[in-house]
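Each remark here refers to the structure printed beneath this line.
Bear in mind that the values in this text are calculations on the coordinates, not laboratory data. Since the model is a prediction, treat every value here as computed from it, not as a measurement. Here the Cβ is made from the backbone with ideal geometry for all residues, glycine too, and neighbour counts use every protein chain on show.
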Amino acid sequence: MPSASSSNIWVASMVRMFASQGIEPDELFELAGMDIARLKRPHERFTSREVNRLWRVAVHRTGKFNLGLDRALARRYVRFDMATQSMWNGSTLLDSLEGFAKYLTLINDAGAFAIYPGHTHCWLQLSHGGNPRAPRQRAEFGLLALLLLCQKVAQEPIRPVAVEFTGAEPEDLHAYRMAFHCPLRFGQPFARLCMPTAELAKPVMHNTDSLFALHDKLVEHRLERLADARTSFRASEEIIRRLHLGVPTRADVARSVGVPEVELEKRLRAEGQSFAQLLDDVRRELAQHYLGVGSLPLAQITGLLGWEAPADFSAASKRWFGVSPLQYRRRLVAGS
């Protein structure tokens with residue numbers, strides 16, 4: 001039986017995450033004793049042991065021993081776009097998770113998980129999480145990514161009943177509490193999440209088709225206005241396409257546009273724009289469209305605009321429209 005492995009795309013996302021924390025890919029691969037040229041091979045696979053080596057080097061070189069517990073990094077670098085596409089066919093979150101578990105066997109079986117449903121609780125157990133030789137940060141990141149994925153598909157902040165880790169309990173639990181917001185158990189035989197069965201049984205709202213159509217409409221409007229500002233249009237299009245998966249960084253957009261990050265900002269300035277201004281403009285326009293759809297809850301719109309806290313959306317709405325999101329929605333309804 002072949003050993004568990006991860007795809008080139010999955011590892012490349014992880015390498016970009018490590019680079020954002022200060023360790024460049026060339027150094028990372030050199031210290032791990034691996035050939036970085038493998039990242040350029042479309043069908044390359046990396047064994048679980050190699051993934052472990054990359055994690056160990058990244059943690060050691062950055063000195064960030066809670067690297068796997070950073071929610072912002074997980075939202076930014078986990079390939080939610082790939083994952084959620086494999087989950088939209090499920091009628092419930094549990095169905096969707098079962099579909100995703102099968103999908104992982106194709107792209108990242110080294111990060112696979114098993115589902116153990118029960119009457120009141122359901123366990124999501126990492127396949128690699130019980131390996132004592134694996135760095136704890138990798139298992140922590142896997143559990144956190146799985147939780148955030150559940151919340152992304154469910155479109156609401158589902159909380160686990162508990163989370164279990166195989167390692168010993170650390171002295172400082174703050175990072176764990178901030179990551180999972182639930183009871184923590186250490187020294188367990190498996191790395192796993194305990195989720196409420198009732199939450200996983202809820203229907204999944206399949207509104208992505210209409211959202212993608214809305215995105216296309218917004219892109220067309222921007223093309224009309226920014227026809228002579230090609231970089232601004234291409235950058236704003238990337239933001240529109242990615243925002244519901246988490247706020248894209250300037251580096252992410254620069255890679256998609258095909259220019260270095262510094263060059264992207266230079267071209268935007270030449271067109272009278274900046275990355276921060278484009279992001280704010282896109283959020284404002286999307287907010288107008290989303291608030292015009294009466295069926296979208298405000299909490300969901302907050303997530304679609306890349307925010308976690310409703311207060312951030314409310315503050316932006318008052319800056320853009322002079323009123324709260326709810327008041328602006330009522331204004332749109334009255335105007336229609």
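Things to note:
- The convex hull built on the alpha-carbon positions of region 120-162 has an orientation-averaged projected area of 3.5 nm².
- Tail fraction, Cα-Cα pairs, region 26-70, threshold 15 Å, whole percent: 47 percent
- Here r is the Cβ-Cβ distance between Leu31 and Ile158 and R0 is 35 Å; the resulting FRET efficiency, rounded to 0.05, is 0.40.
- Here the average projected area of the convex hull drawn through the C-alpha atoms of region 239-286 stands at 3.2 nm².
- Considering region 1-57 at the alpha-carbon level, its Rg and Dmax are found to be 10.7, 37 Å.
- Net charge of neighbours whose Cβ lies under 10 Å from the Cβ of Leu144, counting Lys and Arg as +1 and Asp and Glu as -1: 0
- For trypsin sites (Lys or Arg not before Pro), no site in region 1-45 is both called loop by DSSP and has at most 10 other Cβ atoms within 10 Å.
- Placing dummy labels 7 Å off each Cα toward the beta-carbon, the span from Ala311 to Ala270 is 4.2 nm.
- The order of the peptides 308-315, 121-128 by mean Cβ neighbours within 10 Å, most packed first, is 121-128, 308-315.
- Length gained on full extension, Val247 to Glu285: 12.2 nm, using 0.36 nm per residue less the C-alpha separation.
- Label-point gap, in nm, between Glu98 and Thr197 - each point 7 angstrom along Cα→Cβ: 1.4 nm
- Taken one residue at a time, the phi angles of region 308-316 give Karplus couplings (6.51, -1.76, 1.60, θ = phi - 60°) of 9, 9, x, 4, 5, 5, 4, 5, 5 Hz. Gly and Pro are set to x.
- In plain terms, the chain from His43 to Arg331 could stretch by 98.5 nm, reckoned as 0.36 nm per residue minus the Cα-Cα distance.
- Residues whose placed amide H lies under 5 Å from that of Ala162, excluding near-sequence neighbours: Cys194
- One chain, two ends: Thr120 and Cys182. Fully extended at 0.36 nm per residue, the span grows by 20.7 nm beyond their Cα-Cα distance.
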